[in-house]
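Taking it in order: structure first as structure tokens, then the write-up.
The values are calculated or read from the model by the stated rules, or taken from the named source; none is laboratory data. Remember, it's a predicted structure, so these values are computed and weren't measured experimentally. Cβ sites come from the backbone with ideal geometry, for glycine too, and all protein chains shown count toward neighbours. Areas reflect the complete protein model, heavy atoms only, side chains present, ligands, DNA and RNA absent. Shrake-Rupley method; radii C 1.70, N 1.55, O 1.52, S 1.80 Å.
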Amino acid sequence: MNMMSKTAIIKLQLKKLISEGTYKVGERLPSELEMSKSLGVSRETFRDAVKQMETEGRLLVKHGVGTFVIHPLPAIPSSLDRLSSTGEMIRSAGLEEGESRISLRKLDGSQEIAAQLGIKAGEQVMVLERIRTANGEPVAVTVNYFHPQRVGDLFERYDFSGSLLEFLELHLSIRIVKADTGISVPLHNDRNCQKLLVHPTTTVLLFKQLHYDEEHRAIFYSLDYMRDDVFSFQIRRTRD
């Protein structure tokens, strides 16, 4: 398992100081120099933690004035800027998660897959296809293509079930931290889309996602088909 980074540790410490009332909403934090010394880290590490907390809406940096504690905005369910597993989203909706594996096999990577993973076209990749269910009804189809060198024979050495992100972290110490995502509406004659058309009014969204680890290496590319009568996605837009 990868150890928590110094920045992540400082973020936790800052959140604790705020929750305990050491620094209250509306209050300015001590200077960057004072804070980094009291927390025992470099100014750069403290600055990185503050930047992340500012992005999360917990701190406000007024240049030339100081850094202030602010009220965090309410969380957005299934926010598009948060990387969550399909299982997490199903459970967060209060539904019972289930799955059935369609296939686990090797195939020659297409031009699209090769370009995404940074490999040669035609190079063999492992492909995992699953149907995810909620309360026994199919709600998502996921197709994952894995980088052959970075994942290797993982699926031949271990039986897979459950969370893919946890599986990679447990057996390879690969922690997926971000994904580049494109969203589109698949055609109804798409074979994976058809597996989800269980009601006349069902509509489906297709997420094409390239997943990266902490070193920004591409680990797997996925096609995630999700029923939008079950999953509701939102994004918080900001103005500079």
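Does SER84 meet the test of being out of contact with any Cys (no Cβ under 8 Å at 6 or more places or on another chain), assigned to a strand (DSSP E or B), without any contact (Cβ under 8 Å) to a residue 60 or more places away in the chain and closer than 30 Å to PRO138 by Cα?
No, not satisfied.
Any residue in segment 203-222 that is open to solvent by 10 Å² or more (accessible area, probe 1.4 Å), in a strand (DSSP E or B) and over 30 Å from VAL151 (Cβ atoms)?
The answer is no, given that none of the residues of segment 203-222 is open to solvent by 10 Å² or more (accessible area, probe 1.4 Å), in a strand (DSSP E or B) and over 30 Å from VAL151 (Cβ atoms).
Please specify each residue of segment 183-202 satisfying the condition of being open to solvent by 20 Å² or more (accessible area, probe 1.4 Å), among the aliphatic types (A, V, I, L, M) and in a loop (DSSP other than H, G, I, E, B). Steps first, answer last, please.
Initially, segment 183-202 is screened for residues open to solvent by 20 Å² or more (accessible area, probe 1.4 Å), giving 183-185, 187-191, 194-195, 197-201.
Subsequent filtering for residues that are among the aliphatic types (A, V, I, L, M) retains 183, 185, 187, 197-198.
Scanning segment 183-202 gives VAL185, LEU187, LEU197, VAL198.
Assuming LEU165 fulfils every condition listed in (1) crowded, with 17+ Cβ neighbours inside 10 Å; (2) at pLDDT 95 or above apart from one, which condition is it?
All conditions are met except number (2).
Out of ALA121, ALA114, I need the residue that is out of contact with any Pro (no Cβ under 8 Å at 6 or more places or on another chain), among the aliphatic types (A, V, I, L, M), loosely packed, with under 13 Cβ neighbours inside 10 Å and outside any strand (DSSP E or B). Which one?
ALA121 is the lone residue from the list that is out of contact with any Pro (no Cβ under 8 Å at 6 or more places or on another chain), among the aliphatic types (A, V, I, L, M), loosely packed, with under 13 Cβ neighbours inside 10 Å and outside any strand (DSSP E or B).
Taking segment 35-76 as the search range and keeping residues that are touching a Ser or Thr at 6+ places or on another chain (Cβ under 9 Å) and part of a loop (DSSP other than H, G, I, E, B), which one is surrounded by the most Cβ atoms within 10 Å (Cβ to Cβ)?
VAL41
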